[in-house]
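As structure tokens, the structure follows; a few thoughts come after it.
The values are calculated or read from the model by the stated rules, or taken from the named source; none is laboratory data. This structure is a prediction, so every number in the text was calculated from the model and none was measured. In this analysis, Cβ positions are derived from the backbone assuming ideal geometry, glycine residues included, and neighbour counts consider all displayed protein chains.
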Amino acid sequence: MIEVNKQRRREFGDFQTPNELSSKITCHLKQLGFFPASIIEPTCGTGSFIFTCLDTFSEARIIGIDINSNYLNLVSEKLSQIKKSGKVELRQGNFFELDWQKEVEGLTKPILIIGNPPWVTSSEITILGGANIPIKSNIHGFQGLDTKTGKSNFDISEWMIIELLKALNGHSGILAMLCKVAVARKVLIYAKKEKISVFSSKVILIDAKEYFGASVDACLFICHVKPASFNYTCHIYESFDSNIPIQEIGYIDERMVANIPLYKKWRHLIGNNTHIWRSGIKHDCTRVMELLKQENGFLNGFGELVSLEDNYLYPMLKSSDLANNRIKNINRRMIVTQKSIGEDTSSIQQNAPLTWEYLKKYAHFLLNRASSIYQNRPQFSVFGVGSYTFSSWKVAISGFYKELKFRLIKPFEGKPVVLDDTCYFLPAKSHEEAAILLSLLDHPITHEFYHSFIYWDAKRPITKQVLQQLDLKKLFREISYPKLLDILQHSNQNIPRDLLAYKLKQFS
Ligand SMILES: C[S@@+](CC[C@H](N)C(=O)[O-])C[C@H]1O[C@@H](n2cnc3c(N)ncnc32)[C@H](O)[C@@H]1O
């Protein structure tokens, strides 16, 4: 048994596949009628896939590579004890330094590339101070704000699988990789974008808890590559034994969708939504900017009880409050220093001297915020503010929770309620408008519509882009005026029918 310290295991995403799982995978590939002439295991570790491939595909030549020479010695030792070891070539190498096109070109086809690449993200490696990362890493070409707000963080396995797929492009072969479901999807998006010759693909869900003791949405991603084939739909199966897919994802109308049948059913509701979805406020300094109301002041994240004027304090809700419907008695407050992005903050000194002194006291925390969006901005700046932030009524949802739960947010103690940047909302001018928006968003059609776009395994399944797809005016016409009026009357909002009827007419 080889000892790998915890830090190294994390940096190298080192979770060896149990033989039971690798054997299930190779048997599944055989059942598909696939018999490779050559096999590559690009990060072979202690060789789980090498040994099951030797059993299942006894005729194939097998190449195993890993960065860790101790693992290769172990595999070599085990191989020397079995007969067919002459078919296996082991090499110590760094994935990021190998020319994968060349590797693939030199092999007899069809090729199987199989394995379980490291389970770690680029930002985790950066935090660990590690170097196991590709030099040219912006695979999806993120630009501007996206690179600053964390979108450019990626899974190392995603980068590796894309490199391998690029190498297989135009040849005949199968890529079978254990990875996160989200990684499989991103690889497919890349394949479509770069016109990689994919014949078919499928995802089989894996219980990562059972096999790796990890709580991740994991899968086996099988991608069959064949010259001159360009098919980017992918069926998702619940297990190795299921014949009927639970979901069909893929490209349609030049976009990647999460559920093709639902998308086809409701795509006529996509449109230019005149109601714009907004994000909550971003400040990246919870301990200073968020406080809990006490009888005799406000408690900040450092445990300090402070006195502040009311001017810049707003009742606030977080994602978890929306998800758990804790929206009535609000005791959290956010200091909102600006009414619009870039607004001068120096007037706080006159308007609210106590708040100014408080912000000055904690200025170094605000100054040291990692995100570059705060650079060259007035001091104590926040992000994601505009007139919509201060609308008295809102209909909001959390981006993080795996449920479509929209909430109607009323003003609290005479002030508009603000949300943090993990939430999205539609501002509304009145209670009636908010009630109409909620009745539209809570409708089963809306749920089916959004299910065709949402990947529930994603870290933030609900995004502004997804929410914005639905044209509420088209939805209004689809449901029809009389039905909506009926729904609204039974919605416990206590709004007189005449007023609702009038506002609904205006809305349409
Ligand atoms: C998740 S483990 C899987 C090992 C093996 N494929 C299996 O299925 O049991 C990931 C492996 O990737 C190897 N690895 C990590 N970074 C690598 C790199 N840059 N080049 C080659 N191998 C690497 C680690 O040493 C580790 O053995």
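Structure values in brief
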read-out	value
Residue under evaluation E41, criteria (1) among the charged types (D, E, K, R); (2) surrounded by fewer than 20 Cβ atoms within 10 Å (Cβ to Cβ); (3) within 10 Å of the ligand (Cβ to nearest atom), criterion not met	(2)
Only one of D498, D486, D471, D457 that is among the charged types (D, E, K, R) and within 27 Å of I246 (Cα to Cα)	D457
Selected residue (criterion: nearest to the chain's Cα centre (by Cα)) from residues of segment 303-319 that are without any contact (Cβ under 8 Å) to a residue 24 or more places away in the chain and more than 22 Å from S347 (Cβ to Cβ)	G303
Some residue of segment 2-19 being closer than 30 Å to S242 by Cα, out of contact with any Ser or Thr (no Cβ under 9 Å at 6 or more places or on another chain) and away from the ligand (no atom under 12 Å from the Cβ)	no
Some residue of segment 71-79 being under 20 Å from I206 (Cα atoms), out of contact with any Lys or Arg (no Cβ under 9 Å at 6 or more places or on another chain) and either modelled with pLDDT of 95 or more or of a type outside the set (A, V, I, L, M, F, W, C) (or both)	no
Entirely in segment 229-340, the strands (runs of 3 or more DSSP E) that have 3 or more residues that are among the hydrophobic types (A, V, I, L, M, F, W, C) and surrounded by 13 or more Cβ atoms within 10 Å (Cβ to Cβ)	313-317
Segment 103-126, residues that are outside any strand (DSSP E or B), touching a strand residue (DSSP E or B) at 6+ places or on another chain (Cβ under 7 Å) and polar (S, T, N, Q)	T108, N116
Filter result (among the basic types (K, R) and in contact (Cβ under 8 Å) with a residue 24 or more places away in the chain) within segment 56-96	R61, K78, K84, K87, R91
So F154, is it surrounded by 24 or more Cβ atoms within 10 Å (Cβ to Cβ) and touching a strand residue (DSSP E or B) at 6+ places or on another chain (Cβ under 9 Å)	no
Number of the condition not met by I82 [criteria: (1) within 15 Å of the ligand (Cβ to nearest atom); (2) of a type outside the set (F, W, Y); (3) over 31 Å from the mean Cα position of the chain (by Cα)]	(1)
Index of the failed condition, G33 passing every other in (1) near the ligand (Cβ under 9 Å from one of its atoms); (2) surrounded by fewer than 20 Cβ atoms within 10 Å (Cβ to Cβ); (3) at positive phi	(1)
Candidate set from segment 464-475 (those that are closer than 14 Å to H447 by Cα and of a type outside the set (D, E)); member that is surrounded by the fewest Cβ atoms within 10 Å (Cβ to Cβ)	Q468
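Quick grid of which residues meet (1) among the aliphatic types (A, V, I, L, M); (2) under 20 Å from F15 (Cα atoms); (3) assigned to a helix (DSSP H, G or I):
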residue: E163; (1), (2), (3): no, no, yes
residue: C179; (1), (2), (3): no, yes, no
residue: A214; (1), (2), (3): yes, yes, no
residue: C219; (1), (2), (3): no, yes, no
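Every residue, every condition in (1) in the same structural domain as K209 (by TED's automatic domain parsing); (2) closer than 24 Å to C179 by Cβ; (3) acidic (D, E), yes or no:
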| position | (1), (2), (3) |
| --- | --- |
| I25 | yes, yes, no |
| T46 | yes, yes, no |
| G64 | yes, yes, no |
| L79 | yes, no, no |
| E89 | yes, no, yes |
| N94 | yes, yes, no |
